[in-house]
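As structure tokens, the structure follows; a few thoughts come after it.
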Amino acid sequence: MLRSLSIRDFVIVDKLDLEFQPGFTVLTGETGAGKSILIDALAAVLGSRAESGQVREGKDKTEVSAEFSIEEAPAVSNYLAENDLAGDDGTCLLRRVIETSGRSRAYVNGRPATVLQLKEIGELLVDIHGQHAHQSLLRAGAQRDLLDGYAGAADLAREVAALYRAWQDIRQQRLALETDARAGRGYPPGVHRSP
């Protein structure tokens, strides 16, 4: 869940700090109210393509930060732990700095990160739906995740996926050994062909 969004010198926004309450799901407003700018800023901190034109005129950089509650997002917690980006329990803080030169820096929980890492985390955290926008519901993986979550089988699905990857690794090793044997290279020391 998005807890807060902080924007500095983004397009026409000088400074904006928003805090969101539990249950926030939709952003609406009149034409010209700034909805697209908020969504673009959120997309930037979630790893979308950065452009120097996003920096407010007369400024040398823009900065966007977003804080998320991840207590109910185990996939995000796992990703952060696996990539040595974990922060405070139950919280994920993303930050992106974009300079007028086009250079961009990314941070996750105060640690330097790649924009790809922001994007991967962002895909686990937020699904932005708009007119003609890409929607995660069109991805087979997202459909499986929703179905597994609804069935209460998310942990079992992760376990099966890990076992499948292990089986594929062993299968690849077996195929490599068979290829070596056919090529006359024999089996490596300690490996014997059973009769």
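Regarding THR179, is this residue under 16 Å from the mean Cα position of the chain (by Cα), on the phi < 0 side of the Ramachandran plot, surrounded by 10 or more Cβ atoms within 10 Å (Cβ to Cβ) and at pLDDT 85 or above?
Spelling it out, it is not the case that THR179 is under 16 Å from the mean Cα position of the chain (by Cα), on the phi < 0 side of the Ramachandran plot, surrounded by 10 or more Cβ atoms within 10 Å (Cβ to Cβ) and at pLDDT 85 or above.
Can PRO22 be described as in contact (Cβ under 8 Å) with a residue 24 or more places away in the chain and over 16 Å from GLY110 (Cα atoms)? Show your work before the answer.
Values: in contact (Cβ under 8 Å) with a residue 24 or more places away in the chain: no; over 16 Å from GLY110 (Cα atoms): yes.
When the stated conditions are applied, PRO22 does not pass them.
Restricting the stretch 44-64 to residues that are under 13 Å from the mean Cα position of the chain (by Cα) and either in a strand (DSSP E or B) or not polar (S, T, N, Q) (or both), which is nearest to THR114 (Cα to Cα)?
By that ranking, first place goes to GLY47.
Would you check if there is a residue in the stretch 34-45 being closer than 25 Å to ARG158 by Cα, of a type in the set (Gly, Ala, Ser) and in contact with a Lys or Arg (Cβ under 7 Å, 6 or more places away or on another chain)?
No, because not a single residue in the stretch 34-45 is closer than 25 Å to ARG158 by Cα, of a type in the set (Gly, Ala, Ser) and in contact with a Lys or Arg (Cβ under 7 Å, 6 or more places away or on another chain).
From ASN109, ASN78, ASN83, grab the single residue that is of a type in the set (S, T, N, Q) and in contact with a Cys (Cβ under 8 Å, 6 or more places away or on another chain). Step through it out loud before you land on a result.
On the way: ASN78 fails: in contact with a Cys (Cβ under 8 Å, 6 or more places away or on another chain); ASN83 fails: in contact with a Cys (Cβ under 8 Å, 6 or more places away or on another chain).
Just a single option satisfies the conditions, and that option is ASN109.
Residues of the stretch 105-129 being of a type outside the set (A, V, I, L, M), at pLDDT below 90 and either farther than 19 Å from ASP40 by Cβ or not in a helix (DSSP H, G or I) (or both), which ones?
Scanning the stretch 105-129 gives ASP127, HIS129.
Which residues, taken from the stretch 85-116, are exposed (fewer than 12 other Cβ atoms within 10 Å of the Cβ) and either outside the structural domain of SER6 (by TED's automatic domain parsing) or among the basic types (Lys, Arg) (or both)?
Within the stretch 85-116, ARG103 is the sole residue that qualifies.
Name the one entry in GLU67, GLU82 that is crowded, with 16+ Cβ neighbours inside 10 Å, acidic (Asp, Glu) and under 16 Å from the mean Cα position of the chain (by Cα). Spell out the reasoning first.
Working: GLU82 fails: crowded, with 16+ Cβ neighbours inside 10 Å.
Step by step, each of GLU67, GLU82 is checked, and only GLU67 is crowded, with 16+ Cβ neighbours inside 10 Å, acidic (Asp, Glu) and under 16 Å from the mean Cα position of the chain (by Cα).
Do we find that ALA166 is in contact with a strand residue (DSSP E or B) (Cβ under 7 Å, 6 or more places away or on another chain), of a type in the set (Gly, Ala, Ser) and at pLDDT 90 or above in this structure?
Considered against the rule, which asks whether it is in contact with a strand residue (DSSP E or B) (Cβ under 7 Å, 6 or more places away or on another chain), of a type in the set (Gly, Ala, Ser) and at pLDDT 90 or above, ALA166 comes out as no.
The values are calculated or read from the model by the stated rules, or taken from the named source; none is laboratory data. Because the structure is predicted, anything quoted here is derived from the model rather than measured. Cβ: placed from backbone, ideal geometry, glycine included. Neighbour counts: every protein chain shown.
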